[in-house]
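The values are calculated or read from the model by the stated rules, or taken from the named source; none is laboratory data. Computed from a prediction, not measured in an experiment: that's the story for all the values here. Cβ placement follows ideal geometry from the backbone for every residue including glycine, while neighbour counts extend to all protein chains displayed. Heads up: the accessible areas ignore ligands, DNA and RNA and are worked out on the full protein's heavy atoms, side chains in. Shrake-Rupley method; radii C 1.70, N 1.55, O 1.52, S 1.80 Å.
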Amino acid sequence: MQELKSFLQNDWCTGTGTGNTLHDPSTGEAVATASTAGLDLGAALDYARREGGKRLRAMTFAERGEMLTELSKAIHAHRAELLEISTLNTGTTLKDSKFDIDGATGTLAAYGDIGKELGDRTFLLDGEGMQCGRSPRFHGQHIQVPLRGVAIHINAFNFPAWGFAEKLACSFLAGVPVLTKPATSTCLPSYRVAQIVVESGLCPDGAWSFLAGSVGDLLDHVTSQDVVAFTGSANTARRIRSHEQIIAKSVRVNAEADSLNAMVVGPDMKVGSDTWDLFIRELTREMTQKSGQKCTATRRVFLPEALIESAVEALKDSLAEFPAGSAHDESNRMGPLSVPSQFADVVDVLKQLSAESEIAIGSIPTGNGTPCATIEPIVMVNRDPKNSPLVHDLEAFGPAVTLMPYSGDAIEAGELVALGNGCLVATMYSDDIKFTQDLLLELAPWNGRVLLGSKRIADPSTGPGIVLPSLIHGGPGRAGGGLELGGQRGMNLYMQTCAVQGSRPVIEKILG
Ligand code: NAP
């Protein structure tokens, strides 16, 4: 069995003991082990700050962008192999594996382009300069410079390649070295990507470190110039935020946590219209893609009561086209849950949800999820969403959704979505401009992204589940309160904004 290594202080190293075992979720077979026990993580962070930071800061944005472009190409050159590894360790079908691997290379390439546009500079001007007093000679200008620490990237199990790449792209372009720590249970694809990155020789010495295995005492060694960017459950986010050293050193923490994303169907909707078909198509995709194990997947749908039965009928047909089972069997269009131990958690949440909702499609699995932790799509209907707290609070991280009625009023729909306490994304389906405007302004404070589904985008829409590098990813409240990507905005987390005051000619001469 493969023993995974970490890459620290520019060298591969292995922890002591057996560590954790990684599995093939389609067969239950063990495929690798990973241990970080005994590794000197404090020394690894020091080395990255000292060596990696210095070298990255000496590069211009254009040079850092070029590095990202070349990294994207180097990883893409191993695409077929990575897709296989992804299916082996995360249980994703070929199509779902592409979603992760191509998402990684696409995001690196997109940030490569941003670096090219930013050109031959090593820091950023933030906005226009301004007069600061009565005399125009006294001038002010904001600048952004890379932090002098390490960006610690802790990722969730469901996107072992994209998760690492989207964070790394922003840090590297900002000029900050990275330590990537993927979720241990599915880190085989991340490990192979790590090997490719190291073999490519594209990253300067110390710019990139990789931790295969549990986080150990890593956070005990953070300093005030470090950043922790985390993706995972709300519980772990809370633990990181309340870590003694994080608090003591005021370390920046960005959290992307779980979220009960919603869809709202407008009162103007006609069954069988282009917009209705778009709604059914996108909801089906959100439930089945990666077997519903996406942070952006839709969990709650609000629609006029009269449309609920039509939605159930349409979903029965569309979901029947997604047989679930082993990801090694190409006739299956949904793989098992990526982490076998998640099976019991998802079943438990489904049981709790079914106490306040009726099951309209599918059934809660009765087995124990071995050897293949398959869950068929489940659609529930809840007739009283205002008095059903669980549906707005519990995330079943699998192919499950709950349909709920509302009156057709935009304000009421906004209030129902808000019961989820903050989401990554909400989607509405309507061709009524007034309803769309009213609802958008209700949804925007509670969601990091809002997709306006209409007949005008019935063809080009990528749906709510796809995160684009040019638009922000993150959401308020329960969704973690974080913000990633969004083009150049994604670098803000890794840069210090500094207000410079002084003589206008001096400032203009220094800053250019
Ligand atoms: P998790 O259990 O919170 O683990 C996430 C990461 O945190 C893993 O790398 C884990 O390492 C690490 N970790 C665990 N304990 C830690 C600690 N005390 N200090 C620092 N790091 C620690 O989450 P998961 O089960 O992998 O992911 C599923 C959840 O993530 C779902 O709820 C989903 O909604 C959410 N998610 C959110 C987004 C988003 O962008 N908002 C994206 C994907 C997933 P080990 O694996 O070594 O334990």
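Numbers for the structure displayed
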quantity	calculated
Conditions (1) more than 15 Å from the ligand (Cβ to nearest atom); (2) farther than 16 Å from residue 188 by Cβ; (3) surrounded by 23 or more Cβ atoms within 10 Å (Cβ to Cβ); number of the one not met by residue 45	(1)
Which listed residue is surrounded by fewer than 20 Cβ atoms within 10 Å (Cβ to Cβ), in contact (Cβ under 8 Å) with a residue 12 or more places away in the chain, closer than 19 Å to residue 259 by Cα and within 16 Å of the ligand (Cβ to nearest atom), from 440, 468	468
Answer from 229, 234, 212 - the residue that is in contact with a Cys (Cβ under 9 Å, 6 or more places away or on another chain) and near the ligand (Cβ under 10 Å from one of its atoms)	212
Residues that are away from the ligand (no atom under 16 Å from the Cβ) and not hydrophobic (A, V, I, L, M, F, W, C), drawn from region 471-503	487, 488, 492, 494, 496, 497, 501, 502, 503
Number of positions in region 477-493 that are aliphatic (A, V, I, L, M), surrounded by fewer than 21 Cβ atoms within 10 Å (Cβ to Cβ) and more than 11 Å from the chain's Cα centre (by Cα)	0
Top-ranked residue in region 403-426 [being within 16 Å of the ligand (Cβ to nearest atom) and open to solvent by less than 10 Å² (accessible area, probe 1.4 Å); ranked as nearest to residue 365 (Cα to Cα)]	420
Subset tally (residues that are open to solvent by 10 Å² or more (accessible area, probe 1.4 Å) and either on the phi > 0 side of the Ramachandran plot or in a helix (DSSP H, G or I) (or both)) for region 22-41	2
Unmet criterion (only one of (1) under 20 Å from residue 211 (Cα atoms); (2) assigned to a helix (DSSP H, G or I)) for residue 68	(1)
Residue 322, sole failed condition from (1) hydrophobic (A, V, I, L, M, F, W, C); (2) more than 28 Å from residue 444 (Cβ to Cβ); (3) more than 28 Å from the chain's Cα centre (by Cα); (4) surrounded by fewer than 20 Cβ atoms within 10 Å (Cβ to Cβ)	(3)
